[in-house]
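What follows is a short report on a single structure.
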Amino acid sequence: MPSTLVLIFIADDRPGLIEKLSEAVSGQGGNWLESRMSHLAGKFAGIARVEVPDGKAAPFRAAILALEAEGFHLTIEEAVAEAAQAGSVLTLDLVGSDQPGIVRDISACLAERGVSVEEMETDVREAPMGGGTLFYARIKARAPADLSDDELRADLERLSATLMIDITLQEEILAPQR
């Protein structure tokens, strides 16, 4: 049975980083399954899920960790099988004046209702028509099956008024599983 591993990495951004990492993965017979990567503040960071042939996890780890000599900071974790999740998938889009604590307050509101953040992307940009900066966020989250849409919307509307930000909430329509 192949092993599934999650690689977390960060390095000073430069050409060829992904090539070095992907060569190390494929050199050990690994299969790159999925990843998320981004350039931030002169660094390149990412997370990847890879599959490694049965019995090859130890040499695979050694080959990947050897990249630390080339400036990579790495963490390798064994992936666990995910159970099918119940509940709706939501997308939240936020925009408003940048201020400390927005991510903390939004994540606390979601956590209080048992909503799990699956993906989050944030950015700060100059306001197009005036001084200051605007905070933008897009959050993909999973709500528990027993959470009322109206309850969550009411909580988010209260938070939106307190923080003076706009929050748009959409429920994703998922295709039936076969």
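At a glance:
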read-out: Simple Cβ-charge dipole of the chain, Lys/Arg +1 and Asp/Glu -1, about Cα centre, in debye nearest 20; value: 380
read-out: Relative contact order of the chain, defined on C-alpha pairs under 8 angstrom at six or more residues apart (%); value: 23
read-out: Whole-percent carbon and sulfur share, accessible surface of the chain, 1.4 Å; value: 52
read-out: With Cα atoms, 0 to 90° folded angle of helix 149-163 axis to the chain main axis; value: 80
read-out: Region 124-138-region 54-123 distance, computed between alpha-carbon centres (Å); value: 25
read-out: Share of Cα-Cα pairs in region 72-124 lying beyond 14 Å, as whole percent; value: 68
read-out: Heavy-atom surface of the chain, accessible at 1.4 Å and reported per residue (Å²); value: 63
read-out: Whichever lysines have a C-alpha closer than 27 Å to that of Lys43, once near sequence neighbours (fewer than 8 apart) are set aside; value: Lys20, Lys140
read-out: Cα-based convex hull, region 99-178, per residue volume (Å³, whole number); value: 120
read-out: The chain, Rg to Rh (Cα coordinates; Rh as Kirkwood inverse mean 1/r); value: 1.05
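The values are calculated or read from the model by the stated rules, or taken from the named source; none is laboratory data. Predicted model, so just to flag it, every value in this text is computed and none were measured. Virtual Cβ from ideal backbone geometry, glycine too; neighbours counted across all protein chains shown. Heavy atoms of the whole protein, side chains included, go into the accessibility calculation; ligands, DNA and RNA do not. Shrake-Rupley method; radii C 1.70, N 1.55, O 1.52, S 1.80 Å.
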